[in-house]
Amino acid sequence: MLTKKLKQHAWLPILATAALAATLASCQKPDGSGADGANWSLYGLESSEQRYSPLEQINADTIDRLGLAWSIELPPQARSMQGTPLAIDGKLYFSTSLSKVYAVDGKTGKILWEYDPEVGKEHPRTLRTSHQASRGIGYYDGHIILAALDGRLISLAATSGKPVWTVDTIDEVDSRKVITGAPRVFDGKVIVGNAGADFGTRGYVSTYDARTGKFLWRFYTVPGDPAKGFEDDAQKMAAKTWSGEWWRWGGGGTVWNAITYDKELNRIYIGTGNSSNYNPAQRSPEGGDNLFLVSIVALDANTGKYIWHYQLNPREAWDWKATNDIVLATLDIQGEKRPVLMQAAVNGFFYVIDRRNGKLLSAEKFGKATWADRIDLKTGRPVEVANARYENGPVTLYPSQLGVHNWQAMSFNPELGLAYIPTLQQPGKYWTTPDKAKEAEGFTLGAKHYEFALGSRFSLVKLDKDDGTGGLVAWDPVTQKPRWTVKHATGWNGGTMATASGLVFQGTADGWLHGYDGRNGKQLWKFNVGNGVVAPPITYLVDGEQYITLLVGYGAAAPDDPGWRFGKHMPRVVSFKLDGKAKLPATPPPDFSVNAIDDPSFKIDEAAAARGREVWLRNCSICHTPGGANANWPDLRESPMAHDYEMLRQIVQKGALANLGMPQFDELTDQQVHDLYMAVKYYSRRAAKGDSSPEEGGRLF
């Protein structure tokens, strides 16, 4: 095998990488993984999820030659492009919103096939439970494995995109559960989790045979109704940490992103989500930690049996889930080589855990977090501030429910010993009201309830001039200190990728892909990609040339507005190589103007508009910011359809645009739709008079 660094042999880069790829081609496993980095066939490149590529053709000496190789423009319904593409044997595969899959030539960008699972047609109400994201796909033995938004797991022939087998991963008759995360392929199996705790559901992960789709095992993340019995001893143990009738709300704990396979120990680590309902005083009134909410849980990869857990936030109340990527490594800690897992958590602490036994080794703040002073290493529990769970009234804390770091992927360079973390500084207000408690009290699983944040209310606020900004932090997990930091004016930025040449790449909300020196954070290169970035880049080889590819398209819970607009700034895929000479299509600059529709003679019913504001906040604000713009959804102030009551009613109640991603709200009455119509008129008139600011207090959940 070739072991010397390519940058030491600048006169042989293409021959060397081509030879390396050919030599190791026979070593490829059915999941496409291998040691050479020619393919990117798993979500995190390898099962460790480090997103660390051994490729070195693009390095500090050559990066100034990096140019666009090709690009693809996608329809606006591709929306927020969050996914990790896969690169296998010179072909690139990726998914977009509404779970649509594309296969393209990795060298030219030519589209080879498309597959649309038509999730809006199948489940028009389900569309409202997420931003319709797809963070990635899986690969096994010549097949692309899609975890569709509506819960179907679909195996597609990689050569044609034709379905080979399909299974439904969701058993419940209600359709709150959706899948937004990438399926993980391991040892001939595929495992999926789901989202939906915010609307009332019970979390679990399910594992299938990757070749046939045969169901193998399932692990529930919270216990169900004790009267119905427990699925296993882990559920029986967890039930002791709950009280009251928590199962009425499902419990939550959905696993919508973090799933990591440990090849050494043959284990699966899952990161669980938030509670349902959010209010701990209501869901578990006599106390209790409420396992396995906001926890990292180790499972036997063959059977799904519980091994150990570590809970980040006992008695969860803030939506600070443990769903960020879980990265595996071996670290030298106090002179001992320790197999660890690492997570830069939503709550603002960086956790290092011995993955053999779940022992917490260290935890320190990597961003602004005021909810706790520290993590007690003896007990593993946070030392919280007073009124942290808003039991004595509203409280404002860092971070907001969006976290110091969310699902945007971090990477880890094992040679430099650094984790590269996208960060956000944003406080949030947390509280509950008698109305929210009453509403939750009357909630029934399976009913048509899709309002966000059952039992509590959350809001984004601003306390400091730096609130709403972000950064890229190079974090040393051994010393638990930052090595360097790059500040971003925007808060909601893309995931990262590291390479053996010492580089780290990240895209940002303002539309740039950056290449940094991973040792010191010096910017070495950047490229304007013409739309905001939340996805992480990947890298691979085709015909001996190294490519870097990125999905581009802003949105999904973004706390800031960089000026990207639905229908004007198109989602796209961009790919780079040394000496690339391609040009992006003409792209308009960010646009903050509002061309509101307003008829001055139209009389607005102020009382109806006020009621419509509440309907909007409760049902629509997850996508359409009240009185503001959103990158990946139409601005209703500019929409002729939203200004026509009958057309709006057909869209909202009947699901007339479900095929394009607009959910159906068939439980809303004609009066509620009319009130919503009046709210659209109200915000449009306000904008027409020069007030284009979003709803006071930020996005409200």
| message | Please verify whether Ala329 is within 24 Å of the chain's Cα centre (by Cα) and surrounded by fewer than 23 Cβ atoms within 10 Å (Cβ to Cβ), treating the condition exactly as stated. | response | yes
Listed by range, strands (runs of 3 or more DSSP E) wholly within the range 470-551 having at least 2 residues that are crowded, with 21+ Cβ neighbours inside 10 Å and in contact (Cβ under 8 Å) with a residue 24 or more places away in the chain are 496-499, 503-507, 512-517, 538-542
Among strands (runs of 3 or more DSSP E) entirely within the range 192-272, at least 1 residues that are under 23 Å from Thr129 (Cβ atoms), among the polar types (S, T, N, Q) and under 22 Å from the mean Cα position of the chain (by Cα) occur in 204-209
Filter the range 47-93 for residues that are touching a helix residue (DSSP H, G or I) at 6+ places or on another chain (Cβ under 8 Å) and hydroxyl-bearing (Ser, Thr, Tyr); the one that is surrounded by the fewest Cβ atoms within 10 Å (Cβ to Cβ) is Thr62
Scanning the range 373-413 residue by residue, those assigned to a strand (DSSP E or B) and closer than 19 Å to Asp467 by Cβ turn out to be Val395, Thr396, Leu397
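At pLDDT below 95, under 27 Å from Leu402 (Cβ atoms) and surrounded by 22 or more Cβ atoms within 10 Å (Cβ to Cβ), is that true of Gly555?
Numbers: at pLDDT below 95: yes; under 27 Å from Leu402 (Cβ atoms): yes; surrounded by 22 or more Cβ atoms within 10 Å (Cβ to Cβ): yes.
When the stated conditions are applied, Gly555 passes them.
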All conditions in (1) surrounded by fewer than 22 Cβ atoms within 10 Å (Cβ to Cβ); (2) in a loop (DSSP other than H, G, I, E, B) are true of Ala182 except (1)
With the first residue restricted to the range 643-668 and required to be of a type in the set (Asp, Glu), and the second required to be outside any helix (DSSP H, G or I) and surrounded by fewer than 21 Cβ atoms within 10 Å (Cβ to Cβ), Cβ contacts under 8 Å at 6 or more apart or on different chains are Asp666/Arg125; Asp666/Lys448; Asp666/Gly655; Glu667/Lys448
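From the list Pro585, Pro600, Pro626, exactly one residue is surrounded by fewer than 19 Cβ atoms within 10 Å (Cβ to Cβ) and closer than 30 Å to Val533 by Cα. Which is it?
Numbers: Pro600 fails: closer than 30 Å to Val533 by Cα; Pro626 fails: surrounded by fewer than 19 Cβ atoms within 10 Å (Cβ to Cβ).
After ruling out the rest, the residue left standing is Pro585.
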*Boolean, Lys438 is outside the structural domain of Pro285 (by TED's automatic domain parsing), surrounded by fewer than 18 Cβ atoms within 10 Å (Cβ to Cβ), modelled with pLDDT under 95 and in a loop (DSSP other than H, G, I, E, B)*: no
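The values are calculated or read from the model by the stated rules, or taken from the named source; none is laboratory data. In this text the structure is predicted, and so the values were computed from the model without any measurement. Here Cβ is always computed from backbone atoms with ideal geometry, including for glycine, and neighbour counts include all displayed protein chains.
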